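No value in this document is a laboratory result; all are computed from the given coordinates. Please read these numbers as outputs of a predicted model, since none were measured by experiment. In this analysis, Cβ positions are derived from the backbone assuming ideal geometry, glycine residues included, and neighbour counts consider all displayed protein chains.
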Amino acid sequence: MNTMLRKSVLGIAGLAFTGGVFAGPIAAHAAEPVQSSKPVAVSVQGAQSKIDLNDEQLANAKAIIAATKKAGLPERAAVISIATSLQESKLENLGHLGDANDHDSLGLFQQRPSSGWGTPEQITDPEYSTLAFLKGLKQVDGWQDMPLTEAAQTVQVSAYPDAYAQWEQQAADIVAHNWNS
């Protein structure tokens, strides 16, 4: 009995050692902090567009990122928000454009006071407009895993539902570069 117990203990110790030899490097690697330098795009669809950003546009992108963090949402929400704003306003906080205006659409997301997004003053505040957009996004079941253009369209209800997809890569790059700054 003593010999049998000893062999069992030694066998288990041997398995533990072998497991440690093989799994040790994996476990050690897994323990390293993961530095995500780029939020993963769920599925970049179609040809991608890109524009050079001026200081105002970059500041608006950073305001969207800050509001996303304030809302406690992940990088993916910021990517969707920035891509939406790139499509709607090229990240410019647009006021009333007269005859060139799309109805009463204003701000970074071209939200409409007449559709209940807020007052013109609220909609042209980058933090307010982003938080309003994110509130709508959070109401979309499964937004985290759906194509960007579908998530954005569900919130925005645009006449051009597929247009958001073209900005996903630039939005992901902007978020990757500015999320931790």
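Residues whose amide H lies under 5 Å from that of Gln111, counting only those 5 or more places away or on a different chain, are Leu106; hydrogens are built 1.01 Å from N in the peptide plane.
Residues whose amide H comes within less than 5 Å of that of Leu94, counting only those at least five positions distant or on another chain, are Gly107, Leu108 (H built at 1.01 Å from N in the peptide plane). Taking the average, over residues, of other Cβ atoms within 10 Å as the packing measure, peptides 44-53, 112-121 rank 112-121, 44-53 from highest down. Convex hull volume of the Cα atoms of segment 98-181, normalised per residue: 122 Å³.
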